[in-house]
Amino acid sequence: MSIVQNTAETKTGGTPPSGLSEFWYYFSRNKGAVIGLFVFLFILFMAIFAPFVAPHSPSIQNRELLLLPPVFQQGGSWGHILGTDAVGRDILSRIIYGARFSLFIGLVVVTLSVVSGVLIGLVAGYFRGKVDTFIMRIMDIILAFPSLLLALVLVAVLGPGLLNAMIAISLVNQPHFVRLTRAAVMTEKSKDYVVGSKVAGAGTLRLMFLTILPNCLAPLIVQATLAFSAAILDAAALGFLGMGAQPPTPEWGTMLAEAREFIQRAWWVVTFPGLAILITVLAINLMGDGLRDALDPKLKRS
Amino acid sequence: MFRFIFGRLAVLIPTFLGVSIIAFSFIRLLPGDPVMLMSGERVMSPERHTQIMHQLGLDRPMYVQYFDYLTGLLTGDFGSSIVTKRPVLDDFLQLFPATLELALCAIIVAMVLGIPAGVFAAVKRGTWFDQSIMGVALVGYSMPIFWWGLLLIIFFSGYLGWTPVSGRISAMYFFPPVTGFMLIDSLLSGQTGAFKSAATYLILPTVVLSTIPLAVIARQTRSAMLEVLGEDYVRTARAKGLSPFRVIGVHALRNAMIPVITTIGLQVGVLLAGAILTESIFSWPGIGKWMVDSVFKRDYAVVQGGLMLIAGVIMIVNLVVDLLYGWINPRIRH
């Protein structure tokens, strides 16, 4: 409520609302986005403080408690709320530690693909001509493969593992940022403020990075959020296929791969790691929808 | 229109060359020696090594090898499997109908459910109906489909015992493949129960593979409809006294479909990527499972050929979508 009053005051007061408060005003109107934000912050907290939050070690095997069911099912115990896996490790603890991997993967992949994608897209959109054609043809080539297949084959070349999976996923994600940046730069470049800045004597680098780029950020931020959740899904998929993080790493996709043979005997071994992936991805996508509402001027009026 | 078609084809040539360079260099980038990889032999005398290098033409300059590879591609030679020695193209053609059947069923389900869901959500904007449809769509969009498949197997195959877990049809039925589509072949065979069996095998993989396209199509249809419903010509149509059904179904939907068709075209890559996971979970004998198995068997000749063929399929589908799009919407031809 205070935010609404705030904007009402600023309207009468004459000073425009700061960018941040305006952003929060539109973002918070989307209930789902706020819920997504809180869920995400909760997962982030669990990931950072995993050693303090997790009830057990993610790697200690308790040979006496193999495939123990979760607490609400007969035979379960409060010692292992979500039960144990086939070698007696606590599933809840492994999921909490797994959040570290998934968020880390998302962060690294988004950083790598945004930085490289924005730089390449900026060059293509600013210089046009032969450079642009060359860059876009290369992006077409990357996009001609199904992303997961290309990532799978790249990991086969580089060798299975978390780091290589992240590199592969960044590479297949990056053309989206190139295309988006290029399109945004092309629309901005011919606008008066850019021409004015050029006439005033701004150099190429200044025009590219300080004049044009800040005005292209809105769609990039939304795409970065989507890429974050897509990276988590892709990394889990690679882990599931045995080409991502390797056991006994408590990565969620890898946990699912290990649990596959027990699906008929112990449903909880399969259900909870997947649920963790779904909840995390859903929270990020909810935030992405809210960001789009807050940053897209076309939707603000409606 | 002809200029448009030729323009599109001209763009395709460098992409094709680039894709072939990637497929060509893939096998040479792998750690280890291509001879070891291709011959599958672990221990080899240096003389035999040079001999095979020469036999396979690997001692020639790289550009000659690439040119050779390219000529092979254009004459339909995509290499042969290291394990089975069968030509990659033969395996691909044999397995592709299974993937195509699954992908077609999935995209049909996604369209039949997704477009009406999106339209209704847009018309009833802001109601609980809209919110619940969009909530479900967002969950579907966020779904790790390999986990979703496992859950469905636990519930429908394990707990209820309704559907089989893997394969395309019960081993009770046997008939020669005519079209390669199990649903059609089982009907053609005339065996009682064969079609029903094929359908029960198909249903869970279809649900899994259609999940993400369904969510994407529903969301895209809703936002395209919302944009169109605010236009003047929709208001005019309403003012003329046309029935709501005509206004929404004819005047609005036809214009809203243009971005939706683009979205559906873009789902081809999503479907093929999804097929990799779906086919692995349900042991569906299609090209997705074939590629994953080949990566694990280190049958890199198959991976190389398969990469090229799958990229080829995607390029052709994208071209067709582009041409269709130019035909529907003449403005983009220029």
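Observations on the structure shown:
- Choice from A:G75, A:G98, A:G36 showing the highest fluctuation, given a GNM over chain A with Cα pairs closer than 10 Å: A:G75
- Close amide H partners of B:S80, meaning residues 5 or more places away or on another chain with modelled amide H under 5 Å apart, are B:V88.
- Neighbouring partner chain Cβ atoms per residue of B:146-153, average, 10 Å criterion: 6
- Shielding by partners - mean other protein chain Cβ count within 10 Å, residues of B:309-321: 2
- Rounded, prolate or oblate (a/c below 1.5 giving rounded, otherwise prolate when a/b exceeds b/c) for the range A:33-106 by Cα gyration tensor: prolate
- C-alpha long axis of helix B:62-74 to longest principal axis of chain B, angle in °: 50
- For A:S77, residues with placed amide H under 5 Å, excluding near neighbours: A:V71
- Calculated FRET efficiency for the pair A:L119/B:Y325, C-beta based, R₀ 22 Å, to 0.05: 0.10
- Degrees, to the nearest 10: A:129-143 long Cα axis against longest axis of chain A: 20
- Once the chain from B:M62 to B:F155 is taken as fully extended at 0.36 nm per residue, the excess over their C-alpha distance is 28.1 nm.
- Estimated inter-spin distance, B:L70 and A:D296, nm [label 7 Å along Cα→Cβ]: 4.2
- Relative to the longest principal axis of the Cα atoms of chain A, the long axis of helix A:19-29 lies at roughly 50 degrees.
- Pairwise FRET efficiency - A:F209 versus A:F72, Cβ, R0 = 56 Å, nearest 0.05: 0.55
- Descending semi-axes in whole angstrom, ellipsoid equivalent of the range B:88-333, from the Cα gyration tensor: 36, 22, 17
- Where labels lie 7 Å past Cα in the beta-carbon direction, separation of A:V53 and A:R260 in nm: 2.9
- Cα gyration tensor category, rounded, prolate or oblate, for the protein assembly as shown with a/c compared to 1.5: rounded
- Stokes-Einstein translational diffusion, chain A - Kirkwood Rh over all Cα pairs, 0.692 mPa s, 37 °C, in µm²/s: 151
- For the peptides B:199-209, B:76-86, the ranking by mean Cβ contacts within 10 Å, running from highest to lowest, is B:199-209, B:76-86.
- Part-to-part distance (alpha-carbon centres) for the range A:224-259 and the range B:282-334, which is given in Å: 24
- Efficiency of FRET between B:T192 and B:H49 - r from beta-carbon atoms, R0 56 angstrom, step 0.05: 0.45
Coordinate-derived values only; no laboratory data. None of the values given here were measured: they were computed from a predicted structure. In this analysis, Cβ positions are derived from the backbone assuming ideal geometry, glycine residues included, and neighbour counts consider all displayed protein chains.
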